[in-house]
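**Q** Let me begin by handing over the structure; questions about it come next.
Taken together, the values in this text are just the output of simple stated rules run on the coordinates, not laboratory data. Please read all numbers here as calculations on a predicted model, not as lab measurements. Note that we place each Cβ from the backbone using ideal geometry, even for glycine, and neighbour counts take in every protein chain shown.
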Amino acid sequence: MNSKNHKTSVGRPATKTINPTVCISFVTVIGLALGTTANGGNTVPNSGTALFSDISIVAVSPNPDGPVSSINSAYIDPNSAFQPQIPSSVFTSSAFGNPQNDTLNVSLNEANVGDPGGNGNTYANQNLWFFSNNGGTSAYNFGVNDYFNASFTMTLTGGISGLDMEGGFFFNNPNTDLGWGGNLQILAVGQGGNAGVIFQGGGPSFFLFGPNGTYTVGTPITLGLNYVVDPSDGMNAFQYSVNGAYADTGTGPGDTFYDITPVNNPFGAGDTLGGYFQIQTSDVPEPSSLALLGTGILTLLPRFLRGRRI
């Protein structure tokens, strides 16, 4: 061996190189931690069901014989209402019975809610059903004198821990002509950051129900929505209930009437009432996965980057 070259080799610091196979393995581990595949989709698409049973709606005073008595079925919107339907997701539904005798049942089912892929939807599918008075051909349009008591028992099943899954009442007021605008909801959250929480939002109030309203996936829960006249002041009002317990306005002992202002402002075109089911795409990384990536997985980085001497 040439002595000059030998001396140079001995005096030179050893060089570390990164094994390309190890690099690929590290990237693979990160992908597994996030639950993603090579194309960015989640390995387990989300799926779930909202079952609405014993659905009831009856006309009440001061118009107990009004048009609400003609409601006889449910209309199911075939499209996702929140955003365009997530590609490859599968929505199925069923409805049968009559809400005038508490026999109406509606099932909203979502499967393969994974990689959004396009259509502008990167969050969730939202499915809606509405009361109908024509055998389910279209949604019934509520008027200012359509006073009612409505209720149903809802059960949410499926979902993925940490991802949004919710359902409940949905009163659609697109023309904002009730004096407060937007949609009114009484909803239960089955998965996600607010799992177990039930609240009423929109309309003249926001109310977070107490422990009596805590929801657990797979458990039937009864939600109620009444449109009536407040006996204390004669104004039109909503009442909200969960498992028979009414939301208290906090304005007086036992006051459960959330007044609508102004009293004679009529409902407008498109005002409809029914239920909804929303389920989040599993393409969105869960916060727990991101935390895992930032702590436990990163502790493996030095081991993956440990090279070999040559």
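**Q** So if the hydrodynamic radius of segment 48-93 is defined as the Kirkwood radius over C-alpha pairs, what does Stokes-Einstein give as its diffusion coefficient at 10 °C and 1.306 mPa s, in µm² per second? Numbers along the way, then the final one.
**A** Details: Rh = 13.9 Å.
Estimated via Stokes-Einstein, D reaches 114 µm²/s.
**Q** Sticking with this one: Determine the dipole magnitude for segment 46-284: charges of +1 sit on the beta-carbon of Lys and Arg, -1 on that of Asp and Glu, nothing else is charged, the reference point is the Cα centre, and the result goes in debye to the nearest 20. Could the numbers behind the result be given before it?
**A** Numbers: 0 positive and 17 negative charges, 63 e Å.
Result for segment 46-284 is approximately 300 debye, rounded to the nearest 20.
**Q** Calculate the tail of P(r) for segment 38-114: the fraction of all Cα-Cα distances greater than 15 Å, expressed in %.
**A** Values: 1907 of 2926 pairs.
Percent of Cα pairs beyond 15 Å in segment 38-114: 65.
**Q** Once phi is turned into ³J(HN,Hα) by the Karplus curve 6.51 cos²θ - 1.76 cosθ + 1.60 with θ = phi - 60°, what whole-Hz value does each residue of segment 155-162 show in order, with x for glycine and proline?
**A** Here the 3J(HN,Hα) series is 10, 9, 9, x, x, 10, 3, x Hz.
**Q** Which three lengths, in whole Å and largest first, does segment 55-166 cover when its Cα atoms are put on their principal axes?
**A** Extents along the principal axes: 50, 25, 22 Å.
**Q** Considering the convex hull of the alpha carbon atoms of segment 46-284, report its projected area averaged over all viewing directions, in nm², one decimal.
**A** On the way: hull surface 48.5 nm².
Orientation-averaged projected area of the Cα hull: 12.1 nm².
**Q** Sticking with this one: What distance in nm separates the two pseudo spin-label positions at Asn79 and Phe96, each 7 Å out from Cα along the beta-carbon direction?
**A** It is 2.9 nm.
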